[in-house]
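The values are calculated or read from the model by the stated rules, or taken from the named source; none is laboratory data. Predicted model only: the values in this text are computed from it and were never measured. Every residue, glycine among them, receives a Cβ derived from its backbone with ideal geometry; neighbour counts consider all protein chains shown. Accessible surface is based on the protein model in full, side chains and every heavy atom, while ligands, DNA and RNA are left aside. Shrake-Rupley method; radii C 1.70, N 1.55, O 1.52, S 1.80 Å.
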Amino acid sequence: MGAISVSGLGKTYPGSPPVHALRAIDLDVAEGSLVAVLGPSGCGKTTLLRCIAGFERPDAGTIRLSGQVVSGPGVDTPPERRRVGIVPQEGALFPHLDVAGNVAFGLRGLGRSSAAARVDELLELVGLPGLGRRRPDQLSGGQQQRVALARALAPKPSVVLLDEPFAALDASLRSSVRSEVASVLRSTRTTAMLVTHDQDEALEMADEVAVMRDGTIIQSAPPAELYRRPVDVATARFVGDVVVLPGEVRDGLVECSLGTLVAVASAGCGAVPVGRVTALVRPEQIVRDDASVRRASVVSLAYHGHDALVGLRHESSTFLARWSGVDLPRPGDEVGVRVSGPVVVLPGDPPAG
Ligand code: ADP
Ligand code: MG
């Protein structure tokens, strides 16, 4: 059993109509791992974290932390006894306390000198040594988030919950702060659950990504497995660009407009389905090969420096390819293309639209 183990969790907010924020959520977070819960705004991520932390009472299901039931029939352990650290969206540092005061906030049981030593140790850990006397408004957004992480870790919680902790940061800061936070969590072997609507963040940081939609977990898998073998078209689109094509499977091969390709089953199917299928091709699988008989014309180009998304038309379909920015074709050019690697197939025709 995981350090966090949630089963059959349900939460409905009253109202007309009532909001079913969580519907039978099952989720396990292994000791020392980082799980990202990835879903669009409003799908129930914050509600899930608040239930685990004890700020919200679920209507159904059980929550265990380190094997101990903290929420379930007849049990509702108060938040302060759950040993959960929280990093909220906007840091939410106490503005009237300096950095050291913020980090020491959860250390009330410790004597003054041990608390001071622990604060120094944590500021060192998050890369902010010597900044204890600063006020929160004298720090950058990224530094504030690192202080919020130090504050959450200070009382040595058994798990840390992070609620969209990088959402308020500039894009340029976000990627460095998130890799720093991930490395602090890993070096301290902290069990962590991060909720986010940002697929890059989830794929980059997490050991396991749980995709959430409308209050349920749709798929839970390591990042590469989720990206390569999504359970449905919506999940495939949610974690990246994808070319969706109708096809027909025979003998483990799928015939579609891009050729006869090796088919693999999605994570939701035990075996490769037969007959009519939906093939999912990632844009980086479409390679330029001017020797290929399959010709396509370039209809658009979105240039990103290191690479570009190239819009191609082949027969009656248009699709995207991701090509290196080193040597790009121009709109109007005709190129040869082929698909590299196996493609995921889902049973049935592509969904409309
Ligand atoms: P997320 O964090 O994924 O954006 P939330 O957990 O905040 O999602 O919200 C899930 C759903 O529950 C939303 O439809 C939201 O409007 C609703 N909701 C959240 N908190 C409350 C509340 N206190 N009272 C009523 N509805 C709420
Ligand atoms: Mg939220």
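A few notes on this one:
- Estimated [θ] at 222 nm from DSSP helical runs (n ≥ 4, -39500 (n - 2.57)) normalised by residues in the chain, nearest 500: -6500 deg cm²/dmol
- Dipole in debye (nearest 20) - the chain, about Cα centre, beta carbon charges: Lys, Arg +1; Asp, Glu -1: 960
- Evaluated at q = 0.17, 0.20, 0.22 Å⁻¹: base-10 log I(q)/I(0), Debye formula over Cα of region 1-67: -0.59, -0.80, -0.95
- Evaluated at q = 0.25 Å⁻¹: base-10 log I(q)/I(0), Debye formula over Cα of region 213-297: -1.34
- If the Kirkwood radius is taken over C-alpha pairs of region 311-353, then at 4 °C and 1.567 mPa s the Stokes-Einstein diffusion coefficient equals 98 µm²/s.
- For region 170-181, backbone phi angles converted through the Karplus equation (6.51, -1.76, 1.60; θ = phi - 60°) give residue-by-residue couplings of 4, 3, 5, 7, 4, 6, 6, 5, 5, 6, 5, 5 Hz, Gly and Pro being listed as x.
- Per residue, the convex hull spanned by the alpha carbons of region 1-144 comes to 152 Å³.
- Each Lys and Arg adds +1 at its Cβ and each Asp and Glu adds -1 at its Cβ; summed about the Cα centre, region 203-353 shows a dipole of about 240 debye.
- The chain - accessible surface per residue (Å², probe 1.4 Å): 47
- DSSP bridge pairs, the chain: antiparallel proportion in percent, nearest 5: 75
- Between Glu334 and Thr216, the FRET efficiency estimated from the beta carbon spacing at R0 = 56 angstrom works out to 0.80.
- Region 40-54-region 283-304 distance, computed between alpha-carbon centres (Å): 42
- For region 65-98 versus region 110-149, the gap between their alpha-carbon centres in whole angstrom: 20
- Apportionment of accessible area to carbon and sulfur, the chain, percent (1.4 Å): 51
- About its Cα centre, region 202-274 has a charge dipole of approximately 100 debye under the convention of +1 per Lys or Arg Cβ and -1 per Asp or Glu Cβ, with nothing else charged.
- Inter-site label distance for Arg83 and Ala168 at 7 Å from Cα along Cβ, in nm: 3.0
- At q = 0.16, 0.23, 0.24, 0.26 Å⁻¹, base-10 log of I(q)/I(0) for region 152-241 (Debye sum, equal scatterers on each alpha carbon): -0.69, -1.24, -1.29, -1.39
- Inter-label distance for Ser316 and Arg250, nm, one decimal - labels placed 7 Å from Cα along Cα-to-Cβ: 2.1
- The chain: radius of gyration over Cα atoms, expressed as a fraction of 2.2 N^0.38 Å: 1.17
- Considering only Ser324, Pro351, Val181, and ranking their Cα positions along the charge dipole of the chain that arises from unit charges at the beta-carbon of Lys, Arg, Asp and Glu, the one farthest toward the positive end is Val181.
- At R0 = 25 Å, FRET efficiency that the Cβ-Cβ distance of Val287 and Asp349 yields, to 0.05: 0.40
- Between Val326 and Ser179, the FRET efficiency from the beta-carbon distance, with R0 = 35 Å, is close to 0.85.
- Positive-end ranking of Val335, Val75, Gln138 along the dipole of the chain, with charges on Cβ about the Cα centre, is headed by Val75.
- Stretched out straight at 0.36 nm per residue, the stretch from Ser41 to Ser140 would grow longer than its current Cα-Cα span by 33.1 nm.
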